[in-house]
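The values are calculated or read from the model by the stated rules, or taken from the named source; none is laboratory data. Treat the numbers as computed from the prediction; the structure is a model and nothing was measured. We place every Cβ from the backbone using ideal geometry, glycine too, and count neighbours over all the protein chains shown. Protein only, heavy atoms only, side chains kept; ligands, DNA and RNA dropped before computing areas. Shrake-Rupley method; radii C 1.70, N 1.55, O 1.52, S 1.80 Å.
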Amino acid sequence: MDKLFLSGTFKNFIKPRIFVTDGTTFRLHYRLTALILTVGSILVSATQFYGDPIQCIQSDDVPKKVLDTFCWVEGTFSLPKALHKEVGVEVVYPGVDQRDPGDEAVYHAYYQWVCFVLLFQAALFYIPRLTWRSWEGGRLKHLLQQQLNKPVLGHCERKQCCEQLVRYFRANMRHHSSYAFKYLICEVMNLVNVIGQIYFVDYFLGGEFTTYGMEVLHFTVRPQENRTDPMVRVFPRLTKCLFHRYGPSGDVQKYDSLCLLPLNIVNEKIYVLLWFWFIILAVCSAMSILYKVLLLSSRTARFYALRSIARLTPKDHIERIARKTSYGDWFVFFLLAKNMEVLNFRNVLADLHKDLEMPLLNNDGTATSSA
């Protein structure tokens, strides 16, 4: 068990990363959300393939295994007309009643696909991450030279690395817009993905998911005698199944069976968690994008943002750097601050401020304005 969780795929989720090339909200998508979906898929798979996901009440002449397999493969159903009837008096369970001609029936076969759908959703949450890794191309790793993120570094070595980084910024100032916009595109992909998945799950569950969490909340505060559990409606634990076979004389015989679905106890909890988490994740992603748009449009916002990640740097230094750099440059500063030691980052900004006070030289040796 230790080898399973401390090596391979699971190790990538829990081990610390040497270089961080994205923000916290971004990591919530491809690390935490993908992990939740993967663990949910494993739980459902363990119950479905190695447990007893369905148990049906069979008649004497119908083998139990045959009936269980048939009802699992073909699906079970419940009756909406019986959802609000009194249990123990009118019906044996919400949605389970005698079916009359013309009665509406809701069939349940989605539980066969839950484990695969959860795994597919986890893969979708990782696509923006793969896209950003391809576009990022290891630029941050090359900038840091695998040195400036170390807490212990010799004075000469630190000075040399900082000077190289400052020279890079001096030569490429205001040329990081494409780099920053690609990251912003990936954040938009995250937002579109999580919103799209809300409606995808809603379609998968027959239009029940978009209001599922709110109905669960309302259920907990309603009087007990006037409430119907929405989890029982969406994920019924007891359903009906019709099994047909030929009788001794060749006539078609119908067996009306009750089926217990213990797997839905796991499913209902997973989807309650996903409903709340998807809403939280969509709100956080939207706020992150709005924050980036604010930084893109306001130099003052970039000044305060840079000041928040470089508290050891004097205010006038940050003000000058923010005035002469673009949003793309700020984004590179943001990534550097996440990966560099605080003192090293302060030294880089100090050297950059000092260098910005010097005029740039053209190829012919004449000075140009640094404004």
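Data for the structure
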{"read-out": "Computed P(r) (all Cα pairs; the stretch 2-297; 10 Å bins; percent)", "value": "5, 20, 24, 19, 13, 9, 5, 3, 1, 0"}
{"read-out": "Helix 315-324 vs. the chain, principal-axis angle (Cα, 0 to 90°, nearest 10)", "value": "80 degrees"}
{"read-out": "Accessible heavy-atom area order of 312, 258, 165, 184, highest first, probe of 1.4 Å", "value": "312, 258, 184, 165"}
{"read-out": "Solvent-accessible area per residue for the stretch 2-297 (1.4 angstrom probe, square angstrom)", "value": "55 Å²"}
{"read-out": "Rounded, prolate or oblate (a/c below 1.5 giving rounded, otherwise prolate when a/b exceeds b/c) for the stretch 234-369 by Cα gyration tensor", "value": "prolate"}
{"read-out": "Trypsin sites (Lys or Arg not before Pro) lying in DSSP loop within the stretch 261-333, provided at most 16 other Cβ fall within 10 Å", "value": "311"}
{"read-out": "Residue of 20, 252, 188 that the Gaussian network model of the chain assigns the largest fluctuation, springs spanning Cα pairs under 10 Å", "value": "252"}
{"read-out": "For the chain, built as a Gaussian network whose Cα springs stay under 10 Å, the top-fluctuating residue of 31, 245, 167", "value": "245"}
{"read-out": "Farthest positive-ward along the chain dipole, Cα basis, beta-carbon charges - from 45, 337, 116", "value": "337"}
{"read-out": "Counted charge near residue 103, where neighbours are those whose Cβ lies closer than 14 Å (Asp, Glu -1; Lys, Arg +1)", "value": "0"}
{"read-out": "Between helix 212-221 and the chain: long-axis angle, C-alpha atoms, 0 to 90°, nearest 10", "value": "70 degrees"}
{"read-out": "Scaled radius of gyration (Cα, divided by 2.2 N^0.38 Å) that the stretch 275-314 gives", "value": "1.54"}
{"read-out": "Backbone N under 19 Å from the residue 131 label point (7 Å along Cα→Cβ), restricted to the stretch 167-191", "value": "177-191"}
{"read-out": "Entries in 64/85; 159/354; 269/292; 65/254; 159/182 that, when Cα-Cα distance is taken, lie over 24 Å", "value": "64/85; 269/292; 159/182"}
{"read-out": "Helical mean residue ellipticity (222 nm; -39500 (n - 2.57) per DSSP H run of 4+; nearest 500) of the chain", "value": "-18500 deg cm²/dmol"}
{"read-out": "Global form of the stretch 170-255, assessed from the alpha-carbon gyration tensor, a/c cut-off 1.5", "value": "oblate"}
{"read-out": "Between helix 263-297 and the chain: long-axis angle, C-alpha atoms, 0 to 90°, nearest 10", "value": "30 degrees"}
{"read-out": "Cα-Cα P(r), the stretch 55-100, percent of pairs per 5 Å interval", "value": "5, 22, 19, 18, 21, 13, 3"}
{"read-out": "Accessible surface of the chain, 1.4 Å probe, proportion on carbon and sulfur as whole %", "value": "60 percent"}
{"read-out": "Protein-only accessible surface order, largest first, of 113, 132 at 1.4 Å", "value": "113, 132"}
